1. Can you name the residue in the stretch 11-35 that is crowded, with 16+ Cβ neighbours inside 10 Å and over 23 Å from Thr266 (Cβ atoms) and, of all such residues, is modelled with the highest pLDDT?
2. Identify, from the list Asn181, Asn176, the residue that is surrounded by 19 or more Cβ atoms within 10 Å (Cβ to Cβ), under 19 Å from Gln32 (Cα atoms) and in contact with a Phe, Trp or Tyr (Cβ under 8 Å, 6 or more places away or on another chain).
3. Do we find a residue being closer than 25 Å to Thr157 by Cβ and in contact with a strand residue (DSSP E or B) (Cβ under 7 Å, 6 or more places away or on another chain) anywhere in the stretch 8-31?
4. When the stretch 67-92 is examined, which residues are found to be surrounded by 22 or more Cβ atoms within 10 Å (Cβ to Cβ) and under 24 Å from Val16 (Cα atoms)?
5. Is the stretch 257-276 home to any residue that is surrounded by 12 or more Cβ atoms within 10 Å (Cβ to Cβ), more than 18 Å from the chain's Cα centre (by Cα), within 27 Å of Phe118 (Cβ to Cβ) and touching a residue at least 12 places away in the same chain (Cβ under 8 Å)?
6. So, in the stretch 199-213, exactly how many residues are buried (at least 19 other Cβ atoms within 10 Å of the Cβ) and either out of contact with any strand residue (DSSP E or B) (no Cβ under 9 Å at 6 or more places or on another chain) or charged (D, E, K, R) (or both)?
7. If Gly242 meets every condition in (1) touching a helix residue (DSSP H, G or I) at 6+ places or on another chain (Cβ under 6 Å); (2) outside any helix (DSSP H, G or I); (3) in contact (Cβ under 8 Å) with a residue 40 or more places away in the chain; (4) of a type in the set (Gly, Ala, Ser) apart from one, which number is that one?
Amino acid sequence: MEIGLISSLRSTGKTVMESFQRVADFGLQVTQLTCWDMTTLTPQNAEAVREASQKTGVRVCALWAGYSGPRKWNFTEGPVTLGIVPREYRAQRIQDLKNGADFATAIGTSAIVTHAGFLPENITDEEYIPVRDTLADIAGYCKSRNIGFWFETGQETPVVLLRYIEDIGLDNLGINLDPANLLMYGKGNPCDAVEVFGKYVRNLHVKDGVPPTDGLKLGREVKPGLGRVDFPRLFPRLKELGFDGELVIEREIPEGEEQTRDIQATVQNLKVWWGN
């Protein structure tokens, strides 16, 4: 088991080296690198990532690949703005994710991760096959680059995510389990979800949250250990299912003293929650 911390590839603010050094300063050697600015997916930045990784000893376990266009993290505009589901953004986002796959290959990491969006649940929905085929196209491109394509949980129920993975049928598909998202989107309990798709979980976001209490808004993210994710129950079951991926801390509040304290506390808690 390796504990990591999420970090960002940005066009402004911290340099790549500074981002990697921050991970190392927490005593960690793993990061999941996120990108929401497509202009940063350059050969120069790929070289900067490789150099920062070598100098700090921080390994990139996956690239969290974003996409261009609007993104609304709610129940009202989310279904028509997120992922590859909205038709008007689909073509560009296919290219964005393939560019992410190229960048992931260039930096030597093993997979890209993304939010696919509010996937159609009903197999008779007219958008089910186009969305499935789009995902198969992107995953197939990743396979041609010898990397994985992993879904971050959130906008879909566990059985819907399982259905798409089985229907597409490629062996490089996997899941980046974000247990907090399952709760915050009201899509399921993470301990139950792993009974549905546990064998596909490749790594995990250590994030906590509470279910929504408003039909239009997501539930709240909170410090790990203070929400409804039962990490001491979740981890043993994941181990039974053969999980051996990274535990990547994601605390979605601005960088500062509070976030630093929460990350430090979570590192110590993970050593207890995971056990031997």
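The values are calculated or read from the model by the stated rules, or taken from the named source; none is laboratory data. None of these values were measured; they are calculated from a predicted model. No Cβ is skipped: glycine too gets one built from the backbone with ideal geometry, and neighbour counts run over all protein chains shown.
1. Among those residues, the one meeting the criterion is Cys35.
2. Asn176
3. no
4. Residue satisfying the conditions is Tyr67 alone.
5. no
6. Within the stretch 199-213, residues that are buried (at least 19 other Cβ atoms within 10 Å of the Cβ) and either out of contact with any strand residue (DSSP E or B) (no Cβ under 9 Å at 6 or more places or on another chain) or charged (D, E, K, R) (or both) number 3.
7. Result: Gly242 passes all but (1).
Results for (1) surrounded by 23 or more Cβ atoms within 10 Å (Cβ to Cβ); (2) at pLDDT 95 or above; (3) touching a Gly at 6+ places or on another chain (Cβ under 6 Å), shown as yes or no for each residue.
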| position | (1), (2), (3) |
| --- | --- |
| Ala101 | yes, yes, no |
| Ile107 | no, yes, no |
| Ile112 | yes, yes, yes |
| Ala116 | yes, yes, yes |
| Leu162 | no, yes, no |
| Glu195 | no, yes, no |
